[in-house]
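What follows is one structure encoded as structure tokens, with my remarks underneath.
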Amino acid sequence: MTITLKQSRYLKSAALLAVMALLTAFAAAQTSTATTAKAKDKTSKEKVDTDSIISGISASERTRPFPVGEKTAYFVNIKDGDQVKSPFRVAFAVTGMGVAPVVAGDIPDTGHHHILIDMPMPVDIKAPIPFDKPNEFAHQHYKHFGKGETETLLDLPPGKHTLRLLFADHKHVPYYISSKEINIVVLEKTQ
């Protein structure tokens with residue numbers, strides 16, 4: 001069998017293309033491996049303490065709309081069983097919803113926070129959350145955050161109290177997105 005000059009050139013070109021394809025595939029695999037190794041190395045070096053992140057989230061980060069997912073409200077800096085002295089700071093957030101002031105009106109998937117103090121969840125699902133009487137220190141039950149606030153100072157009388165977040169729309173009608181009820185003890189003020 002005799003190979004012509006034209007066939008010889010074709011075979012050399014085909015072989016060269018095959019070698020080039022193999023080299024390209026090898027280089028791509030090396031790059032991918034190096035990138036994966038760098039990503040794993042970066043991840044292993046950047047161990048994240050999630051507890052410190054939760055309390056370090058800025059107010060603007062806590063108030064941006066979240067993608068659709070689990071919708072829940074939660075306290076950022078206090079937990080069940082805490083003992084505090086009044087007044088004490090309470091920070092809170094919501095996932096799956098955006099936070100907006102009441103004056104923004106009806107915006108889908110947004111609302112504002114309420115804290116229920118020593119109160120069960122409302123029974124009437126269509127009724128707005130009631131307001132406390134102004135300056136009623138000893139009988140606070142409903143704290144509204146209609147300006148879009150995500151933290152406050154609570155000044156409660158000494159003793160045991162329950163707190164629960166409840167998220168509601170611009171008309172104060174609950175979405176029934178809430179936190180777990182937590183129990184706290186407010187200690188006597190010391191002079």
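First measure r as the distance between the Cβ atoms of residue 160 and residue 107, then evaluate 1/(1 + (r/R0)^6) with R0 = 41 Å and state the FRET efficiency to the nearest 0.05. Spell out each step's value before the answer.
Numbers: r = 37 Å, r/R0 = 0.91.
Efficiency for this residue pair is about 0.65.
Using mean Cβ contacts within 10 Å as the protection proxy, how do 160-173, 115-128 order, highest first? Mind dumping the intermediate values first?
Working: 160-173: 18.5, 115-128: 13.4.
Most protected by this proxy first, the peptides run 160-173, 115-128.
Which entries of 79/126; 147/171; 71/180; 85/160; 126/171; 133/189 show an alpha-carbon separation above 21 angstrom in the structure shown? Walk me through the numbers before you get to the answer.
Values: 79/126 29 Å; 147/171 13 Å; 71/180 13 Å; 85/160 12 Å; 126/171 10 Å; 133/189 24 Å.
Flagged as over cut-off: 79/126; 133/189.
What does the C-alpha gyration tensor say about the overall shape of the stretch 131-191? Classify as rounded when a/c is under 1.5, otherwise prolate if a/b is larger than b/c, or oblate. List each step's numbers first, then the result.
Values: a/c = 2.27, a/b = 1.64, b/c = 1.38.
Note, shape of the stretch 131-191 comes out prolate.
Values in this text are rule-based calculations from the coordinates and carry no lab data. Here the structure is a predicted model, which is why all the values come from computation and not from measurement. Cβ sites come from the backbone with ideal geometry, for glycine too, and all protein chains shown count toward neighbours.
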